[in-house]
Every structure is written in structure tokens, then in C-alpha cells.
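Values quoted throughout were computed directly from the atomic coordinates according to the rules given, and no laboratory measurement underlies them. Keep in mind it's a predicted model, so treat the numbers as computed, not measured. Note that we place each Cβ from the backbone using ideal geometry, even for glycine, and neighbour counts take in every protein chain shown.
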């Protein structure tokens, strides 16, 4: 992870790293996120 020129935290070239708790939460909402993304395109 790194901070860009605007001070925003961004993933590095190797991607991102999630804790197990974060991964489980992501997996709980991934279908909803996918549905919203599809509805926006």
C-alpha cells in the first residue's frame, strides 16, 4: 500500500492484503457489490 500525491491510500503493484475478518466481510457482500456494479453499467 502507498499514498498517492493526493494523500489517498492505494494498493501497490502486488495488490492488496486483507485480514481473515476483512476477507469474510468482503465475501458476504461481493454478490451485492457485483449487482450494483452491473446496474451502473
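Contact list please: Cβ distance under 7 Å, first residue in region 19-39 and free of Cβ contacts under 8 Å to residues at least 40 places away in the same chain, second residue surrounded by 10 or more Cβ atoms within 10 Å (Cβ to Cβ), pairs at least six apart or on different chains. Listed pairs, sorted by first residue: 26/18. Scanning region 17-35 for residues being in a loop (DSSP other than H, G, I, E, B) and surrounded by 10 or more Cβ atoms within 10 Å (Cβ to Cβ) gives a total of 2.
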